[in-house]
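Enquirer: My questions all concern the structure below.
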Amino acid sequence: MKIPAHPILSCAEARELEAKLFAGDEAKEWPAMQRAGRAVAEAVLRDFEEIGGFPADGRILVLAGKGHNGGDALIAARVLLEKFPAATAEVIFVFGERALRPLAARAWRELAQSARERVSCGTGVSPGLAENHGRDARATSYALCLDGIFGFQFRAPAPAHVSDLLKRVNELAVRLRAAVDLPSGLGETSRRGDAVFRADFTYATGVVKDLVVNGQNGDCVGRLRYLDLGFFGDEENNARLGILTPRVLAPLAGLRAPESDKRGYGHLFVVGGSRSYPGAVLMSVLAALRSGAGLVTAFVPESLVPAFAARAPEAMWVGWPETPSGGLALEGQHLLRERVERATVLLMGPGLGREAETVALVAGLVKDAAIPLVLDADALQPEIVRAGAAPRVLTPHLGELRRILAGDDFYQTAVAHQTVMVVKGRLTAVVQGGKHGFYSPFGGPVLARGGSGDLLAGLIGGLAAQTPRDLRLAACRGVVWHGRAADLLARARGQVAVHTTELLDFLPAALRECAACPAS
């Protein structure tokens, strides 16, 4: 199946696309600017839910440049002020009000007319910043700062007065810092040490630029949100990099065939667990059971079976002989071999530990495997991931990825061509054969806790059991579903006082949100 994703473009490619779409015609550009500004406002309100919601009397600081980004920010501010009658806005015209281009000037007029007494403006500095100039700028606080100074046309270095403004704004007390399209000061010619707006969220309007997915820019980009303005279709593109969209989940949100049978949705085998790390494999199984897979069988240390079976009776639990330290012993491999013909996909790794006997066991199982594999956590050892010839999904974080790639080039091995890599990080990436890659803009710091990777592995394993011939699709669906559920969890309960397994309760809602998305 083709993956519903939109291309990630360089700034030069974005300029070409803009010329093709609009050709400088303001009659076409104004509706697009309206959509972008409104989309930014709506996205800001959703993300504010993670910290208790936008305050009814919140102060908004708008940094407006000359062009489209400034117009987008001004429209977003207008939408927010219309929704919150007690809120106020301070607008800084960074290059002066007279420098506004026609559409940005139009956006400013509409903001000023709609809010009137609740909007103040200045040139170079806002009233609030001016009050504190020369003192502690952090004494001035805002609910929101909307950065719309520069867009993708920016060429570093920024003018001195803009660099000074960005440094001062970065010191302000702001609950949420939002960059429109790109953080101002970030461009293809920027150098480390240049003044750059430090965003909590960057809202890519219509097109995601490669600058915001570059990990080196993460400290100023913050979290990426892609605001789809309808510039692209749903078909998979040939760009080197793509941004995943929720449409990848749409087929899962539809009706299943009336004559469905559990065997038609795959049988996932899970091998993992130890007495030292019992919870990891249980979380993977719980996620697999939520994935829609028809059957799940788990092979775990025999001492864990009674408790696990009581916790998740829907799975079939097989007790495995244990080493003295509580890991999986070599003598139990017959338990898997005599049943493996029933399996569609084999997931190994969660909670295994690194005991030499267990590692040797898993390496042997991978070497002999004739069905697709999902390898996670302690199964991500070089001698394991390079064994055998079965197609596989690997789910490393950056540290595990460095371990996998150590020594000779992994991507030159025969097995690499059949490997889908899910690299977990600020933006989780899905790469096949080291080439075409997709990024997921979903999820956030709520996932920065033990067990979130185990849930992802179980989810991908269960999805792979349903599409064993398309592991890339299963991986893309897994990271999007996992990330969107994490967003819903954070918005409902915050980022801090939650349990990892609470994410499971938001998987249904995350899927139902995609029910209206057309499948590609």
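Enquirer: Being assigned to a helix (DSSP H, G or I), farther than 15 Å from residue 462 by Cα and of a type in the set (D, E, K, R) is the filter; apply it to the range 268-315 and report the residue that is most open to solvent (accessible area, probe 1.4 Å). Let's see the steps before the verdict.
Expert: To start, the set of residues in the range 268-315 that are assigned to a helix (DSSP H, G or I) comprises 278-290, 302-311.
Narrowing the set further to residues that are farther than 15 Å from residue 462 by Cα leaves 278-280, 302-311.
Pick out the ones that are also of a type in the set (D, E, K, R) and you get 302, 311.
Values: 302: 103, 311: 130 Å².
Here the residue is 311.
Enquirer: Go over the candidates 426, 402 one by one and state the one that is closer than 20 Å to residue 448 by Cβ and in a loop (DSSP other than H, G, I, E, B).
Expert: Working: 402 fails: in a loop (DSSP other than H, G, I, E, B).
Only one candidate passes the filter, namely 426.
Enquirer: Next question. Among the residues of the range 159-176, are any open to solvent by less than 30 Å² (accessible area, probe 1.4 Å), in a strand (DSSP E or B), modelled with pLDDT of 95 or more and out of contact with any Ser or Thr (no Cβ under 6 Å at 6 or more places or on another chain)?
Expert: Within the range 159-176, the subset open to solvent by less than 30 Å² (accessible area, probe 1.4 Å) is 162-163, 165-166, 169, 172, 174, 176.
From what is left, the residues that are in a strand (DSSP E or B) are 174, 176.
Subsequent filtering for residues that are modelled with pLDDT of 95 or more retains 174, 176.
Checking the rest, the ones that are also out of contact with any Ser or Thr (no Cβ under 6 Å at 6 or more places or on another chain) come to 174, 176.
Scanning the range 159-176 turns up at least one residue that is open to solvent by less than 30 Å² (accessible area, probe 1.4 Å), in a strand (DSSP E or B), modelled with pLDDT of 95 or more and out of contact with any Ser or Thr (no Cβ under 6 Å at 6 or more places or on another chain).
Enquirer: Looking for something in contact (Cβ under 8 Å) with a residue 40 or more places away in the chain, in contact with a Lys or Arg (Cβ under 9 Å, 6 or more places away or on another chain) and more than 17 Å from residue 4 (Cα to Cα) - is there at least one such residue anywhere in the range 471-489?
Expert: yes
Enquirer: Of the residues 19, 12, which is without any contact (Cβ under 8 Å) to a residue 24 or more places away in the chain, assigned to a helix (DSSP H, G or I), within 26 Å of the chain's Cα centre (by Cα) and surrounded by fewer than 18 Cβ atoms within 10 Å (Cβ to Cβ)?
Expert: Numbers: 19 fails: within 26 Å of the chain's Cα centre (by Cα).
Being without any contact (Cβ under 8 Å) to a residue 24 or more places away in the chain, assigned to a helix (DSSP H, G or I), within 26 Å of the chain's Cα centre (by Cα) and surrounded by fewer than 18 Cβ atoms within 10 Å (Cβ to Cβ) holds for just one of 19, 12, which is 12.
Enquirer: Now a separate question. Please determine, by comparing only the residues of the range 79-106 that are open to solvent by 50 Å² or more (accessible area, probe 1.4 Å) and in a helix (DSSP H, G or I), which one is nearest to residue 65 (Cα to Cα).
Expert: 97
Enquirer: Within the range 363-390, count every residue that is charged (D, E, K, R) and surrounded by fewer than 18 Cβ atoms within 10 Å (Cβ to Cβ). Break it down into steps so the answer makes sense when it comes.
Expert: From the range 363-390, those charged (D, E, K, R) are 367-368, 376, 378, 383, 386; that's our starting set.
Next, from what is left, pick out any that are surrounded by fewer than 18 Cβ atoms within 10 Å (Cβ to Cβ): 367-368, 383.
Matching residues across the range 363-390 total 3.
Enquirer: Do we find a residue being among the hydroxyl-bearing types (Ser, Thr, Tyr) and more than 22 Å from residue 262 (Cβ to Cβ) anywhere in the range 334-357? Don't jump to the end; show me each part of the working.
Expert: Initial filter on the range 334-357 (among the hydroxyl-bearing types (Ser, Thr, Tyr)): 344.
From the residues that got through so far, the ones that are more than 22 Å from residue 262 (Cβ to Cβ) too are none.
Within the range 334-357, none of the residues are among the hydroxyl-bearing types (Ser, Thr, Tyr) and more than 22 Å from residue 262 (Cβ to Cβ).
Enquirer: Of the numbered conditions (1) open to solvent by less than 10 Å² (accessible area, probe 1.4 Å); (2) over 20 Å from residue 243 (Cα atoms), residue 469 fails exactly one; give the number of that condition.
Expert: Checking residue 469 against (1) open to solvent by less than 10 Å² (accessible area, probe 1.4 Å); (2) over 20 Å from residue 243 (Cα atoms), the one that fails is (1).
Enquirer: In contact with a helix residue (DSSP H, G or I) (Cβ under 7 Å, 6 or more places away or on another chain), open to solvent by less than 10 Å² (accessible area, probe 1.4 Å) and touching a residue at least 24 places away in the same chain (Cβ under 8 Å), is that true of residue 447? Explain how you work it out, then say what you get.
Expert: Numbers: in contact with a helix residue (DSSP H, G or I) (Cβ under 7 Å, 6 or more places away or on another chain): yes; open to solvent by less than 10 Å² (accessible area, probe 1.4 Å): no; touching a residue at least 24 places away in the same chain (Cβ under 8 Å): yes.
No: the conditions fail for residue 447.
Enquirer: Another question, then. Looking at 43, 39, 76 in this structure, which one is more than 20 Å from the chain's Cα centre (by Cα) and either surrounded by fewer than 24 Cβ atoms within 10 Å (Cβ to Cβ) or not in a strand (DSSP E or B) (or both)? Let's see the steps before the verdict.
Expert: Values: 43 fails: more than 20 Å from the chain's Cα centre (by Cα); 39 fails: more than 20 Å from the chain's Cα centre (by Cα).
The unique qualifying residue is 76.
Enquirer: Check off (1) touching a strand residue (DSSP E or B) at 6+ places or on another chain (Cβ under 9 Å); (2) open to solvent by 40 Å² or more (accessible area, probe 1.4 Å); (3) more than 22 Å from residue 287 (Cα to Cα) for residue 406 and give me the number that stays unchecked.
Expert: (1)
Enquirer: Here's another thing I want to ask about it. Could you say which residue among 148, 124 is out of contact with any Pro (no Cβ under 8 Å at 6 or more places or on another chain) and modelled with pLDDT under 95?
Expert: Values: 148 fails: modelled with pLDDT under 95.
124 is the lone residue from the list that is out of contact with any Pro (no Cβ under 8 Å at 6 or more places or on another chain) and modelled with pLDDT under 95.
The values are calculated or read from the model by the stated rules, or taken from the named source; none is laboratory data. Values in this document were obtained by computation on a predicted structure and should not be read as measured data. Note that each Cβ is placed from the backbone with ideal geometry, even for glycine, and that neighbours are counted across all protein chains shown. Just the protein is used for accessible areas: all its heavy atoms, side chains included, with ligands, DNA and RNA removed. Shrake-Rupley method; radii C 1.70, N 1.55, O 1.52, S 1.80 Å.
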